[in-house]
Amino acid sequence: MTVRYTIENDHLTVSADSLGAQLASIRSKDGIEYLWQGDPAFWSDRALNIFPYVARLTENSYYMDGEKHEMGIHGFAAQSEFALTEHSGDAMTLTLTDSPATYRQYPRRFRFSVRYALKGNVLETRYIVENLDERTMYFGLGGHPGFNVPMGDGGKFEDYRLRFDTPCKPMRVHTTPACYLDDKDVPYPLEEDRLLPLRHDLFDEDAVILREMSRKVTLENVATGRYVTVSYPQMPYLGIWHWPKKPAPYLCIEPWCSLPSHQDEVAVFEDQKDLIRLGAGETYTNVWTIEMG
């Protein structure tokens, strides 16, 4: 049975569920709910933790150790129950350890922990992957939080924009209509090399996936000053998304370590260069943050 846990400080109250270690709420002390609340009319999730693969696998399959295995979109962490392994006033850790169910999809022994910690008006997410196996792990990792747009300020979706922290000239990772890679990446111009005004039709072809962009981006309403800033220094890719062809009142800002598989090619994990490689007995840590204002 899914259990909900809560941490708080003088600025924020944050809740997460044992199922998927998924955030359930990020609420300010003045009552503003920043996190999308999972309305199934638009998207029933809120803030997936992605492991051990980001996005889609061709035929829902991949090869590792010379054998073919099956795994669904974004891996299995989001559908797995995590155990609470730390819980204090302003921090908590939820942990997934390999099981027969995970081993059938991903034949490695591991421990995957998600640690949430509050520091002022910032929520820190720390991913910790421990390789408990005698073989190298190959895996993808990422976040998938959705934020309410508007953020309780009475505005509309088009009142908001994304502002990248530093000027950049990102490339859009091009995908096929089925959302697989096709190696036809194109420039994705930003206004003043930093700004992306929001429109619903930006996502008519599904997610906008960027590379070579600033590692910090702010979702903001300039008129009201309300904002969310996501910083992801260790993540080379950024997905921006809401449900295609709908006036969805949220935006997902998704920092990723890796990309989906190629169209009509079943991935070989040992050969996919953007997957993280973790040797036997080693530990990998990745920290990213969300600041609310």
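Basic side chains Lys and Arg get +1 at the Cβ, acidic Asp and Glu get -1 at the Cβ, and with that the dipole of the stretch 60-140 about its Cα centre reaches some 100 debye.
Tell me which of PRO145, LEU118, PHE157 sits at the most positive position along the dipole axis of the stretch 106-203, charges placed on C-beta atoms (Lys, Arg +1; Asp, Glu -1). So the residue furthest toward the plus end is LEU118.
Give the Debye-formula value of log10 I(q)/I(0) at each listed q (0.11, 0.14 Å⁻¹), with one equal scatterer per alpha carbon of the chain, two decimals each. Taken in order of the listed q values, log10 I(q)/I(0) reads -0.63, -1.05. The smallest convex shape that holds all Cα atoms of the stretch 124-188, its convex hull, gives 214 Å³ per residue.
The Cβ shell under 11 Å around TRP241 holds other residues with a net charge of -3, Lys and Arg each +1, Asp and Glu each -1. With the cut-off at 29 Å, tell me which of the pairs LYS119/LYS184; LYS156/LYS273; LYS29/LYS245; LYS216/LYS245; LYS29/LYS156; LYS184/LYS246 have Cα atoms farther apart than that. Over 29 Å Cα-Cα: LYS119/LYS184; LYS156/LYS273; LYS29/LYS245. Each Lys and Arg Cβ is given +1 and each Asp and Glu Cβ -1; about its Cα centre, the stretch 47-100 then shows a dipole of about 180 debye. Every helix of 4 or more DSSP H residues in the chain counts as -39500 (n - 2.57), and over all residues that averages to -500 deg cm²/dmol at 222 nm. Derived scalar couplings between HN and Hα for the stretch 269-283 equal 4, 4, 9, 6, 5, 8, 6, 6, 10, 10, x, 4, x, 8, 10 Hz in order, rounded to whole Hz, by the Karplus curve 6.51 cos²θ - 1.76 cosθ + 1.60 (θ = phi - 60°), x for Gly and Pro.
Would you kindly give the portion of the calculated P(r) for the stretch 1-102 that falls above 16 Å, as a percent of all Cα pairs? Taking all Cα-Cα pairs of the stretch 1-102, the fraction more than 16 Å apart is 65 percent. Taken about its Cα centre, the stretch 206-292 carries a charge dipole of about 420 debye when Lys and Arg each add +1 at the Cβ and Asp and Glu each add -1 at the Cβ. Going by the alpha-carbon gyration tensor, a ≥ b ≥ c the square roots of its eigenvalues, is the stretch 65-209 rounded (a/c under 1.5) or, if a/c is not under 1.5, prolate (a/b greater than b/c) versus oblate? In terms of gyration-tensor shape, oblate. In units of the compact-protein estimate 2.2 N^0.38 Å, the stretch 155-195 shows a Cα radius of gyration of 1.48.
The alpha-carbon positions of the stretch 150-218 define a convex hull whose volume is 99 Å³ per residue.
Every number here is computed from the coordinates shown, using simple stated rules; none is lab data. As the structure is a computational prediction, the values presented were derived from the model and not from experiment. All Cβ positions, even for glycine, are placed from backbone atoms using ideal geometry, and neighbour counts span all protein chains on display.
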